[in-house]
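One structure is given below, encoded as structure tokens.
The values are calculated or read from the model by the stated rules, or taken from the named source; none is laboratory data. Computed from a prediction, not measured in an experiment: that's the story for all the values here. All Cβ positions, glycine included, derive from the backbone under ideal geometry; neighbour counts span all protein chains shown. To get the accessible areas, we keep the full protein, side chains included, count just its heavy atoms, and leave off ligands, DNA and RNA. Shrake-Rupley method; radii C 1.70, N 1.55, O 1.52, S 1.80 Å.
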Amino acid sequence: MINIFRILGDFSHLASIGILIHTVTTTIAIDGISLKTQVLYALVFLTRYMDLLSFHWVSLYNTLMKLFFIGSSIYIVVLIQSFQKKNPIAYKEMIMNDTFKIQFLLIGALIMSLIFHHKFTLLELLWSFSVWLESVAILPQLFMLSKIGKAPSLTVHYIFSLGIYRFLYIFNWIWRYYSEEKWDYIAIMAGVLQTLLYSDFFYIYYKKVIKSGKFELPH
């Protein structure tokens, strides 16, 4: 049976990546984008999809999605880093505003993975680490937007698409529980946490973008 929530969630995730890449490549600007969040996402996908090295086959769709998320996340980091030479002023301004202490997120995700895991094996610990890290990886981006108080609309739409992806994945796990009798408590807990982090942003998005056509975060 087709899991429509997973498919819609995946395409929402793909849309968020497309929006971000389009923003950077067409506007030749990185204002409002957190490099730290993008580095965390690259780490998320690299640790989550280590099973590719074991040639564990699920489906062509599954493998292509894994390869895309790894490749695109690394590409985005490299693309942003290239602004050190393309536009050093913009890059320096971004770094000055991108000040969230991500070491706390990394340590927290590591601790949670050691507490919550399905098996005490390297692949399972890396998977759990990636799930917990993904749940909080957006925090540097949200902190940055709150700090500067505004952002280009495409950056905002990127964050909104990420939030929709995570929201849909909660329904994906509910669907799997009823249709396949599978229940992954780690993914559910981390997914709920991530959705809660987005909740305030969703409200501001509705008030500032949908209703007024602009976006400014309250200081």
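For the stretch 19-33, a residue qualifies if it is open to solvent by less than 10 Å² (accessible area, probe 1.4 Å) and of a type outside the set (Val, Ile, Thr), and the qualifying residues are LEU20, GLY32. Of the residues making up the stretch 94-104, not a single one is surrounded by fewer than 17 Cβ atoms within 10 Å (Cβ to Cβ), more than 18 Å from LYS36 (Cα to Cα) and more than 16 Å from the chain's Cα centre (by Cα). All of (1) closer than 24 Å to ILE4 by Cβ; (2) modelled with pLDDT of 80 or more; (3) buried (at least 17 other Cβ atoms within 10 Å of the Cβ) hold for GLN141 with one exception: (1). Note on the stretch 113-138: among residues that are open to solvent by less than 60 Å² (accessible area, probe 1.4 Å) and free of Cβ contacts under 8 Å to residues at least 40 places away in the same chain, the one that is nearest to GLY163 (Cα to Cα) is SER113. Taking first residues from the stretch 60-77 that are part of a helix (DSSP H, G or I) and partners that are open to solvent by 30 Å² or more (accessible area, probe 1.4 Å), the Cβ contacts under 7 Å between residues at least 6 apart in sequence or on separate chains come to LYS66/TYR49; LYS66/LEU52; ILE70/LEU46; ILE70/TYR49; ILE76/ILE21; VAL77/VAL39.
One line per residue, one yes/no per condition, for (1) closer than 13 Å to ILE28 by Cβ; (2) modelled with pLDDT of 95 or more:
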position	(1), (2)
LYS86	yes, no
ASN97	no, no
PHE100	no, yes
PHE104	no, yes
GLY108	no, yes
LEU114	no, yes
LYS119	no, no
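When every residue of the stretch 173-181 is checked against the conditions, none turns out to be open to solvent by 60 Å² or more (accessible area, probe 1.4 Å), under 20 Å from HIS13 (Cα atoms) and modelled with pLDDT under 75.
Let's see how each residue does on (1) buried (at least 19 other Cβ atoms within 10 Å of the Cβ); (2) touching a Leu at 6+ places or on another chain (Cβ under 7 Å); (3) of a type in the set (Phe, Trp, Tyr):
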| site | (1), (2), (3) |
| --- | --- |
| ILE17 | yes, no, no |
| LEU35 | yes, no, no |
| VAL39 | yes, no, no |
| VAL44 | yes, yes, no |
| TYR49 | yes, no, yes |
| LEU64 | no, no, no |
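Could you tell me which of the residues ILE164, ILE186 is open to solvent by 50 Å² or more (accessible area, probe 1.4 Å), in a helix (DSSP H, G or I) and at pLDDT 80 or above? Give the derivation first.
Values: ILE186 fails: open to solvent by 50 Å² or more (accessible area, probe 1.4 Å).
Among ILE164, ILE186, only ILE164 is open to solvent by 50 Å² or more (accessible area, probe 1.4 Å), in a helix (DSSP H, G or I) and at pLDDT 80 or above.
On inspection, ILE2 passes the criterion of being part of a loop (DSSP other than H, G, I, E, B), over 30 Å from GLY149 (Cβ atoms) and open to solvent by 10 Å² or more (accessible area, probe 1.4 Å).
In the stretch 160-172, the residues that are under 12 Å from SER16 (Cβ atoms) reach residues that are not in a helix (DSSP H, G or I) with C-beta atoms within less than 7 angstrom, at least six apart or across chains, in these pairs: LEU162/ILE138.
The single condition among (1) buried (at least 17 other Cβ atoms within 10 Å of the Cβ); (2) farther than 30 Å from VAL24 by Cα that SER72 does not meet is (2).
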